[in-house]
Amino acid sequence: MQDYFEIDRLVEDLAKIYSTACATTWFKLVRGKQPTREEFRSKVVEFMEHFEYTLSTFPEWPETGQFRNYARKILRTEIESVLQGKNKEVERRYKYYIDSK
């Protein structure tokens, strides 16, 4: 198995850095929308799933299939963590967003 350290770190931080910022901005644009925790988590996951497009852009080489399967597996794990409320950064961002209203 190849070392995909960079992708491990990226997927680990995807919700924290990219997806929560996008979700928060999305809810700000839908003026007056006070999302529930579940709605916020779902929106975060929606943005996390955009990473699938990025995976599809990698060149078609023999190693690519193994890489994509690996990346999708760790992405699914992170998504489940968000949906179950186990991602502390997502929960922190939700609280900060709601408290700032």
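Quick note: the coordinates plus some simple rules give every number you see, no bench work behind them. Just so it is clear, the model here is predicted, and its values are computed rather than measured. Note that each Cβ is placed from the backbone with ideal geometry, even for glycine, and that neighbours are counted across all protein chains shown.
Placing +1 on the Cβ of every Lys and Arg and -1 on the Cβ of every Asp and Glu, with nothing else charged, gives the stretch 5-99 a dipole about its Cα centre of roughly 520 debye. Stretching E49 away from F67 to a fully extended chain increases their span by 4.8 nm, per 0.36 nm per residue minus the current alpha-carbon distance. Highest mean first, the peptides 39-49, 20-30 sorted by other C-beta atoms within 10 Å per residue fall in the order 39-49, 20-30. Fewest-first ordering of E12, E78, E63 by other beta carbons within 10 Å of each residue's beta carbon gives E63, E12, E78. Taking label points 7 Å from Cα along the Cα-to-Cβ direction, T25 and S81 give a separation of 2.3 nm. Normalised by the number of residues in the chain, the average gap of Cα pairs under 8 Å and 6 or more apart makes the relative contact order 40 percent. Annotation for I74 and E60: the two label points, set 7 Å from Cα along the Cα-Cβ direction, are 2.6 nm apart.
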